[in-house]
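Below is one structure; the comments refer to it alone.
The values are calculated or read from the model by the stated rules, or taken from the named source; none is laboratory data. Because the structure is a prediction, the values reported are computed rather than measured. Cβ coordinates were reconstructed from backbone atoms using ideal geometry, including for glycine residues, and neighbour counts include every protein chain displayed.
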Amino acid sequence: MPSLLRLSTLILTLAAPTPAAPDLTIITDEAEAALAILELRQAGSPIPDTTWQRLFQSEGYRRLAAREAAMGREFGDSAFRAFMTSDTLLRRAPALRRALREWRTARLDDAGRKALAYLPTGTQIRAKVYLLIKPRTNSFVFEAATEPAIMLYLDPTRTRAQLENTVAHELHHIGYAAGCVSTPDAPADSAVSTARQWLSAFGEGVAMLAAAGGPDVHPHATSPAEDRTRWDRDVANAPADLRRVESFLFDVLERRVTDPDSIGRVAMAFFGVQGPWYTVGWVMASTVERASGRAALVNVLCDPAELLGAYNAAARQRDSTLPRWSDSLLVRLTPEPRARRPRLRRGSRRRR
């Protein structure tokens, strides 16, 4: 006979609302314009200026140019022309065309539901998804808080399942920005404020968990074997990486490092390919979910300092060998009583 606890858990699970589908728009105008140029090149035909302008005036290209400018990178029409007229890209044209056809049929609504399952009830996700042919091979979120966009590098070597995993990860970031609104900096101490701001980078690990669909699914289940091997190795190193992040946070809190550029350089290094912001973040989030359930995890997401405390409690409960944050760090990261914690948007119950 099932225990009352097990029965109540089952009832709550059955009663839990299914997350609504996100509002997603797939935009392929940049990729289509780029392929039109490659088709003319394959045919040995001249490329009219109107065809180039179709590319440069496409919404995808203009958003990409705006993002590169925001990152301080050189980006211009002449450099993109050189990329488009390269022999390397011409050889890839048939594979790019096949990839665009396949990616258009990806189940992005399912990816959105995975993200929403790890966001508070009522969170709404609205985003444009751009499929891009471009020089850099990265995919990323742009303007998550204002005009959310997922900029996807069109990669013929990636499967549709890998695409859906990437989109779920990025949609979680967009949903976090939509659901969690930071109040004016709560801590009076600027060092505490800076440390707390960087804690939000652990959202990378939560997004890994959300994209996988749960703590018992490998975050790289859809990835090549080498990616799974790298992830497993790096997760095994999480205890040492947790201490590295903790040392960085103490350096900030105790003002051993005060220059914003110096702080940023150290913090950015924790991103890596999928560094401690990902691996330690995933260990914390998955441990909390295993110990206390998904609802308990979602309940602390809007305040990453609370996530650290919830993880410590879960680690003590589940596995005494798991590394834990020092109590003194958690005390230092707690805002003063007069300060307000991050709150949810009205009507909502909530970055490679």
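Of the residues Thr166, Thr105, Thr123, which single one is under 21 Å from Pro219 (Cα atoms) and of a type in the set (Ser, Thr, Tyr)? Walk me through how you get there before you give the answer.
Numbers: Thr105 fails: under 21 Å from Pro219 (Cα atoms); Thr123 fails: under 21 Å from Pro219 (Cα atoms).
Thr166 is the lone residue from the list that is under 21 Å from Pro219 (Cα atoms) and of a type in the set (Ser, Thr, Tyr).
Which strands (runs of 3 or more DSSP E) sit wholly inside region 101-207 and have at least 3 residues that are in contact with a helix residue (DSSP H, G or I) (Cβ under 6 Å, 6 or more places away or on another chain)? If you could, list the steps in order and put the result at the bottom.
Working: elements: 126-132, 140-142, 149-153.
The strands (runs of 3 or more DSSP E) meeting that bar are 126-132.
Which residue is modelled with the highest pLDDT, if the candidates are limited to region 87-115 and must be over 30 Å from Gln42 (Cα atoms) and among the hydrophobic types (A, V, I, L, M, F, W, C)?
Among those that are over 30 Å from Gln42 (Cα atoms) and among the hydrophobic types (A, V, I, L, M, F, W, C), it is Ala115.
Of all helices (runs of 4 or more DSSP H) completely enclosed by region 17-92, which ones contain at least 1 residues that are within 25 Å of the chain's Cα centre (by Cα) and closer than 30 Å to Arg113 by Cβ? It would help to see each step written out before you state the result.
Numbers: elements: 29-43, 49-56, 59-70, 77-84.
Once the helices (runs of 4 or more DSSP H) in region 17-92 are filtered for at least 1 residues that are within 25 Å of the chain's Cα centre (by Cα) and closer than 30 Å to Arg113 by Cβ, what remains is 29-43, 59-70.
Regarding Ala161, is this residue exposed (fewer than 15 other Cβ atoms within 10 Å of the Cβ) and either among the aliphatic types (A, V, I, L, M) or touching a Lys or Arg at 6+ places or on another chain (Cβ under 7 Å) (or both)? Explain how you work it out, then say what you get.
Numbers: exposed (fewer than 15 other Cβ atoms within 10 Å of the Cβ): yes; either among the aliphatic types (A, V, I, L, M) or touching a Lys or Arg at 6+ places or on another chain (Cβ under 7 Å) (or both): yes.
Considered against the rule, which asks whether it is exposed (fewer than 15 other Cβ atoms within 10 Å of the Cβ) and either among the aliphatic types (A, V, I, L, M) or touching a Lys or Arg at 6+ places or on another chain (Cβ under 7 Å) (or both), Ala161 comes out as yes.
Do you know which residues across region 214-258 are among the charged types (D, E, K, R) and either part of a helix (DSSP H, G or I) or buried (at least 18 other Cβ atoms within 10 Å of the Cβ) (or both)? Steps first, answer last, please.
Of region 214-258, the ones among the charged types (D, E, K, R) are 216, 226-228, 230, 232-234, 241, 243-244, 246, 251, 254-256.
Scanning region 214-258 gives Glu226, Asp227, Arg228, Arg230, Asp232, Arg233, Asp234, Asp241, Arg243, Arg244, Glu246, Asp251.
Looking at Thr50, Thr18, Thr9, Thr25, which is the one that is hydroxyl-bearing (Ser, Thr, Tyr) and at pLDDT 95 or above?
Details: Thr18 fails: at pLDDT 95 or above; Thr9 fails: at pLDDT 95 or above; Thr25 fails: at pLDDT 95 or above.
Only one candidate qualifies: Thr50.
Between residues in region 260-272 that are at positive phi and residues that are surrounded by 13 or more Cβ atoms within 10 Å (Cβ to Cβ), which pairs lie under 6 Å by C-beta distance while being six or more apart or on different chains?
As it stands, the answer is none, since no pair meets every condition given.
Would you tally the residues in region 130-141 being buried (at least 16 other Cβ atoms within 10 Å of the Cβ) and at pLDDT below 95?
3
Checking Tyr118 against (1) at pLDDT below 95; (2) aromatic (Phe, Trp, Tyr); (3) surrounded by 19 or more Cβ atoms within 10 Å (Cβ to Cβ): exactly one of these is not met. Which one?
Evaluating Tyr118 over (1) at pLDDT below 95; (2) aromatic (Phe, Trp, Tyr); (3) surrounded by 19 or more Cβ atoms within 10 Å (Cβ to Cβ) leaves (1) as the failure.
May I ask you to list the residues in region 251-307 that are within 19 Å of the chain's Cα centre (by Cα) and of a type in the set (Lys, Arg)?
Arg294, the sole residue that qualifies.
How about region 281-341: which helices (runs of 4 or more DSSP H) wholly inside it have at least 1 residues that are surrounded by fewer than 17 Cβ atoms within 10 Å (Cβ to Cβ) and among the polar types (S, T, N, Q)? If you could, list the steps in order and put the result at the bottom.
On the way: elements: 294-300, 304-318, 327-333.
It comes to 304-318, 327-333.
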